Amino acid sequence: VLKSIHQECPIDVVFAHFGTCGIAVLPACERLGVPLVTMLHGCDMGSWLASWSYRTSLPQLFSRGNVFVVASDFMRKRAISLGCDPTKIQTIPPCPVPAPGRRRGAGEAVEAASKPTFLHVGRLHEQKGILYSVRAFATVHKAIPRTQFVIVGDGPQRGAAEKLTHDLGLTHAVVFKGALPFSAVREELHSADIY
């Protein structure tokens with residue numbers, strides 16, 4: 001498939017969103033002479049290492065891939081510890097939706113400041129750390145009771161997160177909005193104080 005696309009419209013670079021995708025497309029990129037950029041996520045450097053086939057393929061990806069993108073210095077160090085050449089790694093912190101400014105009027109600014117809003121956007125999965133976020137918010141809320149935490153997303157840990165919220169006595173301060181369309185996520189980002 002990549003070859004036919006490349007013949008019709010030459011490809012300058014291939015961006016693989018996970019290590020598994022990078023491993024899968026690496027041979028085709030090499031055959032076509034197209035550079036491969038691979039974005040590494042937490043699962044790439046964590047739980048997926050339990051897979052023998054993934055773990056044994058990763059050194060080939062690291063040696064033959066061109067560039068690796070990570071979201072933090074921690075991830076960079078982890079990739080290096082697994083054999084990635086440090087000169088191939090680019091750290092680009094995540095920023096899923098640009099939030100150019102708040103959409104509040106002057107009269108609303110004082111009200112907003114009186115109720116700081118924390119926002120979590122992502123799949124509610126163990127790898128995303130939602131239970132850690134709820135516990136961290138509990139600490140903040142204890143110190144600053146007027147804060148609120150808005151959680152956008154759904155997933156296998158939603159029930160556990162809702163139970164933890166209840167157990168910590170935070171149901172009045174935590175709002176679960178579920179999965180939202182992109183436009184609504186953008187609005188949530190614009191209206192939150194801390195993402």
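The values are calculated or read from the model by the stated rules, or taken from the named source; none is laboratory data. In this text the structure is predicted, and so the values were computed from the model without any measurement. Using ideal geometry, Cβ is built from the backbone for each residue, glycine included, and neighbour counts are taken over all protein chains shown. With ligands, DNA and RNA removed, areas are computed over all heavy atoms of the protein, side chains included. Shrake-Rupley method; radii C 1.70, N 1.55, O 1.52, S 1.80 Å.
Things worth noting here:
- Output for region 52-72, where each listed residue is of a type outside the set (S, T, N, Q) and in contact with a strand residue (DSSP E or B) (Cβ under 6 Å, 6 or more places away or on another chain): Gly65, Val67, Phe68, Val69, Val70
- Residues (polar (S, T, N, Q) and more than 15 Å from Val121 (Cβ to Cβ)) located in region 132-147: Thr139, Thr147
- Where strands (runs of 3 or more DSSP E) fall wholly inside region 84-183, the ranges with 1 or more residues that are β-branched (Val, Ile, Thr) and at pLDDT 95 or above are 89-91, 148-152, 174-178.
- Sole exception among (1) of a type outside the set (Phe, Trp, Tyr); (2) open to solvent by 70 Å² or more (accessible area, probe 1.4 Å); (3) over 26 Å from Met75 (Cα atoms) for Gly169, by number: (2)
- Members of region 10-24 that are more than 18 Å from Ser51 (Cβ to Cβ), among the aliphatic types (A, V, I, L, M) and surrounded by 14 or more Cβ atoms within 10 Å (Cβ to Cβ): Ile11, Val14
- Out of Ala143, Ala138, Ala160, Ala173, sole residue that is small (Gly, Ala, Ser), free of Cβ contacts under 8 Å to residues at least 24 places away in the same chain and out of contact with any Gly (no Cβ under 8 Å at 6 or more places or on another chain): Ala143
- Scanning region 148-181 for residues that are among the basic types (Lys, Arg) and closer than 13 Å to Arg123 by Cβ yields one hit, Arg158.
- Top-ranked residue of region 28-62 - restricted to ones that are without any contact (Cβ under 8 Å) to a residue 12 or more places away in the chain and hydroxyl-bearing (Ser, Thr, Tyr), ranked as least open to solvent (accessible area, probe 1.4 Å): Ser51
- The condition of being surrounded by fewer than 17 Cβ atoms within 10 Å (Cβ to Cβ), under 27 Å from His41 (Cα atoms) and either touching a Lys or Arg at 6+ places or on another chain (Cβ under 7 Å) or β-branched (Val, Ile, Thr) (or both) holds for only one of Ile194, Ile151, Ile130, that being Ile194.
- Taken over region 137-146, the criterion of being open to solvent by 20 Å² or more (accessible area, probe 1.4 Å) and closer than 16 Å to Phe176 by Cα is satisfied by Ala138 alone.
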